[in-house]
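Written below as structure tokens is the structure these notes are about.
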Amino acid sequence: MKILAVCGFGVGSSMLLKMTAEKAVKELDINAEVENTDLSTAQATPADLYLTSAELKTELVHSVNAPVYSVKKFMDKEEVKQCLMDFRTKSNQND
């Protein structure tokens, strides 16, 4: 599975979100590659799941073909774990 952590410039906050997502993925024993990127690159990069801020979710959701979850606190591992568990539950329902 490929997860993209997305922020406006692909440097600061997306890197924090990537690091948090990597910890959450490990704890949930999910086989995933987590990358961070900027909004315009994310719009052109296929992934299974996108994590971003509420402000960028609106733009991103209309330009990608995978679920987009907004995260309020990029360093909150429990919030990111909840997004991942919700994604996994919905993915399993669609199988």
Please check: in the Gaussian network model of the chain (C-alpha springs, under 10 Å), which one of 26, 81, 18 has the largest mean-square fluctuation. 26
For a quick check, take a GNM of the chain with Cα springs below 10 Å and name the residue from 21, 44, 32 with the largest mean-square fluctuation. 44
May I ask you to derive the FRET efficiency for residue 58 and residue 38 from their Cβ-Cβ distance with R0 = 22 Å, giving the value to the nearest 0.05? 0.85
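Looking at the chain from every direction and averaging, what is the projected area of its Cα convex hull in nm²?
With the hull built on Cα positions only, its mean projection is 5.3 nm².
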Straight distance only, please: which aspartates and glutamates reach the Cα of residue 18 with their own Cα at less than 20 Å, same-chain residues fewer than 8 apart left out? 27, 29, 33, 35, 38, 48, 55, 59, 76, 78, 79, 86
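Remind me, relative contact order of the chain in percent, using alpha carbon pairs under 8 angstrom and six or more residues apart?
On the way: 155 pairs, mean separation 30.2, N = 95.
About 32 percent, as a whole number.
What is the sum of charges around residue 8, taking Lys and Arg as +1, Asp and Glu as -1, for the other residues whose C-beta is under 12 Å from the C-beta of residue 8? Present the calculation step by step, with values, prior to reporting the outcome.
Working: positive: none; negative: 38, 55, 59.
Value of the local net charge: -3.
Pulled fully out, how much extra length does the chain show between residue 1 and residue 92, if you take 0.36 nm times their separation in residues and subtract their Cα-Cα distance?
Numbers: separation 91, 0.36 × 91 = 32.76 nm, distance 1.36 nm.
Answer, rounded to one decimal: 31.4 nm.
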What is the sum of charges, Lys and Arg at +1 and Asp and Glu at -1, for the other residues whose Cβ falls under 12 Å from the Cβ of residue 67? +1
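Here, each number is a calculation from the coordinates, and none is a lab measurement. From a predicted model like this one, the values you see are computed outputs, not experimental measurements. A quick note on method: Cβ atoms are made from the backbone with ideal geometry, for glycine too, and the neighbour counts reach across all protein chains shown.
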